[in-house]
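First the structure, in the form of structure tokens, and then the observations on it.
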Amino acid sequence: MIRSTFLKELKELSRDGRVRISFLIVVLLMAAATWISKSQYTTINEQYQEAETAERHIWEAQGEKNPHSAAHYGTYAFKPKYPLSLVDHGVDKFTGTSIFLEAHKRNEAQFSKAADQTGLARFGDLTPDFVLLFILPLLIVFLGYNAFTKEKEMGTLVLLKSQGTPVWKLIFGKWLAIFAPIFIAVAVLFVVAGIVLSNLKDFGVFSWESLGVMFLVYMAYYVIFINLVLFISSKVKKSGISLVLSLGAWILACLAVPKAASNVAESQYPYPTRQEFAANITEDKKNGIDGHDPWNKQAKMLEDEVLKQHNVDSLEQLPFNFDAYRMQKGEEHTAEIYFKHYKHLKTQFEQQSKLYRNLAVLSPFLPARFMSMAVANTDYATHWDFADAAETYRVDLQAFLNGNFAVNSSYGDWSYRADESTWKEMPAFDYDPPELSETLSRNSSNSAILSAWILGSFSLLFLTTKKL
């Protein structure tokens, strides 16, 4: 019975011109989105490698220079483009592509793609994740809204029941008829994406395992929608009503709840404005982290402590340049200030993420979206990891430069010039995103919520339709 129902539903769908046209449009959109993303991905990675190579060459070709001048000259940390961002762009276009690393200051990522776009960007971009998250669920609605209502309207449902057909077999046959074309279309997309990415050279480490996990996330997302659409079709008598209710469920899950969750999270745990953030950092630099212990006071205490430690009477008698030593301690003090305020930003982000997870019970879109971005390394958590790695490198860079200045000069001597080979001694910035196991562990709650949605929707479909 399951096989007969499955073949019968597939034959009806294939004969429906509206279904054929809709499915063709979706496939074309997926192909176009993949081609556009592949072109953008290749271009961005070529630009990344060119910029990284050029910036490193500029850093190493500074010539003889005072190390502190080199610290202010600075360099850049470039955020790499990860292979699976071809499938899910995530928040990459909002977070910036590079961070300028200089003395005394922690900078934010700059040159975000969104900053260069017009107001039309708010309508979204044609990307694979847009098609996967929004368009395919809409196709599921179109494929399944009349799965049971057409049987009721034509009177065939009563005939099937009179012949002793088990309801669960009828449901499962119709379920497979909707699932099969969705599965094939998405599987082809992911296989093509995997082949393209695995054949790109020098563009990041591609993992079939990560691609497989992302595929499972999207299939779980579609299973939930199939269950919900079939449940609605089984509970109403008219196809028109079923279509309206199914579209309402799509709007609620994919548009209304995510937007409401964003607004609630922002109102409950707001980020400080850019002006407030800068003012708070300036205040701590002036008055100290604790509000009553400014750096100039700490610098004087540091001077007395170093003199006592080395048992000398003046800074000139120290075996190193105290100016450079003091500058390094100042860098460490400033880094603590930035760490304090950026930690507050991350705390707000974590609170917002927790609220998103709590609201994910209202929509399967949220856990699927967060899991997809996390596996693709295009979520905010990965961006925070990159920014923290860049800051760690900045602090190490300043320590290297100030250390060189302190060891090779004496107090008050600012004429020292480091040899041009000095700059090569500092390794170039390199960042590796979190491993897949770490990503899955960090998103275990999203996995649990998505699993709960699957179990709940299956229960809703099969347990409440016994009297169909």
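The values are calculated or read from the model by the stated rules, or taken from the named source; none is laboratory data. Here the structure is a predicted model, which means the values were calculated and not measured. Counting neighbours? That spans all protein chains shown, and the Cβs are built from the backbone with ideal geometry, glycine included. What goes into the accessible areas is simple: the full protein's heavy atoms, side chains included, and nothing from ligands, DNA or RNA. Shrake-Rupley method; radii C 1.70, N 1.55, O 1.52, S 1.80 Å.
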Along its principal axes, what span do the Cα atoms of the stretch 309-401 show, with the longest given first and each in whole Å?
-> 70, 22, 14
Compute the label zone of Q317 within the stretch 394-417: residues whose backbone N is under 19 Å from the point 7 Å along Cα-to-Cβ.
-> 410-413
Starting with the highest mean, order 387-399, 85-97 by the number of other Cβ atoms within 10 Å, averaged over the residues of each peptide.
-> 85-97, 387-399
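Which links in K8/K152; K308/K340; K174/K235 stretch past 22 Å when you go from one Cα to the other?
Numbers: K8/K152 16 Å; K308/K340 31 Å; K174/K235 15 Å.
Beyond 22 Å: K308/K340.
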Reduced to Cα centres, the span from the stretch 364-393 to the stretch 265-280 in Å works out to 20 Å
Mind ranking 67-74, 367-374 by how tightly packed they are, going by the mean number of other C-beta atoms within 10 angstrom, highest first?
-> 367-374, 67-74
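Would you mind giving the average projected area, over all directions, of the Cα convex hull of the stretch 358-468 in nm² with one decimal? Each step should come with its number before you reach the end.
Numbers: hull surface 43.4 nm².
Projected over every direction and averaged, the Cα hull of the stretch 358-468 covers 10.8 nm².
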As a Kirkwood estimate from alpha-carbon pairs, the chain has a hydrodynamic radius in angstrom of 26.1 Å
Could you let me know the centre-to-centre spacing of the stretch 297-325 and the stretch 178-193, using Cα atoms, in angstrom?
-> 68 Å
Distance between Cα centroids, the stretch 210-254 to the stretch 1-56: provide it in whole Å.
-> 19 Å
Whole-Hz Karplus ³J(HN,Hα) for the stretch 176-183, in order, using 6.51 cos²θ - 1.76 cosθ + 1.60 and θ = phi - 60°, x for Gly and Pro?
-> 5, 5, 7, 5, 4, x, 5, 4
Residues with amide H under 5 Å from that of K65, placed H, sequence gap 5 or more | A418
Dimensions of the stretch 1-85 along principal axes (Cα, Å, largest first)?
-> 82, 24, 15
The long-range amide H neighbours of L126, using H built 1.01 Å from N in the peptide plane and a cut-off of under 5 Å, are none
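Taking the solvent-accessible surface of protein heavy atoms with a 1.4 Å probe, what is the per residue accessible area of the stretch 350-468 in Å²?
On the way: 5550 Å² over 119 residues.
Ligands and nucleic acids excluded, the figure is 47 Å² per residue.
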Would you grab the residues whose amide H sits under 5 Å from the one on N377? Only those 5+ places off in sequence or on another chain, please, with H modelled 1.01 Å from N.
-> none
Per DSSP H run of at least 4 residues, take -39500 (n - 2.57); add these up for the chain, divide by its residues and hand me the 222 nm value, nearest 500 deg cm²/dmol.
-> -22500 deg cm²/dmol
Return the sequence-ordered ³J(HN,Hα) values of the stretch 430-443 in whole Hz as given by the Karplus equation 6.51 cos²θ - 1.76 cosθ + 1.60 applied to θ = phi - 60°, using x for Gly and Pro.
-> 9, 10, 10, x, x, 5, 4, 4, 5, 5, 5, 5, 5, 10
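Hey, with R₀ at 22 Å, roughly what FRET efficiency would H341 and K300 work out to, going by the Cβ-Cβ distance, to 0.05? It would help to have the intermediate numbers written out before the result.
On the way: r = 25 Å, r/R0 = 1.14.
Working from the Cβ atoms, E equals 0.30.
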How large is ³J(HN,Hα), in whole Hz, for each residue of the stretch 407-418 in order, when computed from phi with the Karplus curve 6.51 cos²θ - 1.76 cosθ + 1.60 and θ = phi - 60°, using x for Gly and Pro?
-> 6, 9, 8, 10, 4, x, 9, 9, 8, 4, 10, 6
